[in-house]
Amino acid sequence: MKKIVGFISEHKKLLIVLAVLAVAVVVWQVYAGRAQAAAAQAMQANVQTLTLQRGDLARTLSANGSVQSGNAAQAATKLTYPVSEVLVKVGDTVAEGDVVARLDTTDLDEQIKNLQAALSAEKQQSDLAVAQAQRRVEDARNQKKVYEDRGDGDMGKDAWDDLMRQASLSIEDAQDALRNAMLAQSTPSATAQNLKDLKRQRSQCEITAPAAGVITEIQAVAGAPATNIASIEDPAALEIMAQVREYDVNQIQLGQAATFTSGAKDVFHGKVTFIAPKAELSASGEATYQVKFSVEDASDALRLGMTARAKIILEEKKGVFSVPLDTVGTSAEGGAVVYAKRTGADGSAVFEPIPVTTGMETDLAVEISGEGLEEGMELRSLAEAGGMGAAMAAGAMAEG
């Protein structure tokens, strides 16, 4: 006892310092534990949440394209005569049959005039040949009648019979010549056929619109020959033509619904109407397929040539629970869970795991179902971040 008292007397200052340090450590541990618990509670309170609602969920495939007309036509000609005048301009509205351009027919008209003169001369010649053949037949018949009226006279029977036979043969020869002349007269000559062809070309020198619509491009220039004259498109029959990558095209089927956005800043709706049977290669060597869509609710805001982004609806669920992908976590057993917000006994927010079954998944969201789900409940937006907060709160409570 004396030794202890003596030790204390000798080390009184040291012992006081140690006692103070011990008290400080205890105080620090209590404060730190409370601070960590408060931080954990604050983290739980500040966790972002979302409200679970039923709605529609769609899995889509996007493709870029442009707005075009489903009724497009080309005013064109196969003739090689120069264009004399173009009667329309870009933006003009035309009806089917309207004249859009005329060709220069100066040389053509001269050729027609020359052929008409040649054909007239041919007709005169053929008419003369027929008239001469008719006179020959008449002369042959008259000659035979003269013989018959005169009688055989002193001629023997054989001589008379020979004379009548020769007269009949002359008539037959003349009739053959008449038939040949009349046939030649009724058969179109090469000149007549050429004239017919040139007149047909002349009737085609007024180029007309093959369909109604708006002139969107003029290809012809006055003074020069042109095959294509003008492009015509119907702005009331809009469609979308998009390019789909080769590894996506097998997901698309005719009749699938789609939505479109464009420079019009509106959303339009339609369906897949055409899938190209063969891919096209881009300059970079990428294979893409043309896919065409109808536009069922086009407005004046949607215009020809606008770029468009199509979203093809590959799969759709209506009236289901869906949440962002990050909202679904994994339980210790490996199952899918979401974390529902509850109020703890001390009034603080806690998150309780609820097992769920996942269904259709999109790029951003996933369908969930489960007995513990209720419409309107609050779920933790980020499953992993919440888990970290819960772990920190548990650790702080253990230290306290």
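The figures follow:
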read-out	value
At q = 0.15, 0.20, 0.28 Å⁻¹, base-10 log of I(q)/I(0) for segment 316-369 (Debye sum, equal scatterers on each alpha carbon)	-0.48, -0.74, -1.08
Extension reserve of the E371-A236 stretch, reckoned as 0.36 nm per residue once the Cα distance is removed	43.5 nm
Distance in nm between pseudo-label sites at D98 and T273 (7 Å out along the Cβ direction from Cα)	2.3 nm
Value of relative contact order over segment 210-300, rounded to a whole percent, pairs C-alpha under 8 Å and six or more apart	26 percent
Sulfur and carbon atoms: percent of accessible area, segment 142-208 [1.4 Å]	48 percent
Segment 245-296: Cα Rg divided by the 2.2 N^0.38 Å rule of thumb	1.28
Inverse mean reciprocal Cα-Cα distance (Kirkwood Rh) of segment 289-386, Å	16.7 Å
Cα coordinate range in segment 110-155, projected on the principal axes (Å, largest first)	67, 12, 6
Pairwise FRET efficiency - D266 versus L325, Cβ, R0 = 35 Å, nearest 0.05	0.75
Rg followed by Dmax, in Å, when segment 157-223 is reduced to its Cα trace	28.8, 93
Qualifying trypsin sites (Lys or Arg not before Pro) in segment 247-339, DSSP loop, other Cβ atoms within 10 Å at most 16	K265, K278, R303
Computed over segment 226-349, Kirkwood Rh from alpha-carbon pairs, angstrom	18.7 Å
Equivalent ellipsoid semi-axes, segment 146-284, via Cα gyration tensor eigenvalues times 5, rooted, Å	82, 22, 14
Ratio of Rg to Rh over segment 93-184 (Cα coordinates, Kirkwood Rh, two decimals)	1.50
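The values are calculated or read from the model by the stated rules, or taken from the named source; none is laboratory data. Source: prediction; values computed, not measured. Ideal geometry is used to build each Cβ from the backbone, glycine not excepted, and the neighbour counts take in all protein chains shown. Side chains are part of the model used for accessible areas, which takes the heavy atoms of the whole protein and leaves out ligands, DNA and RNA. Shrake-Rupley method; radii C 1.70, N 1.55, O 1.52, S 1.80 Å.
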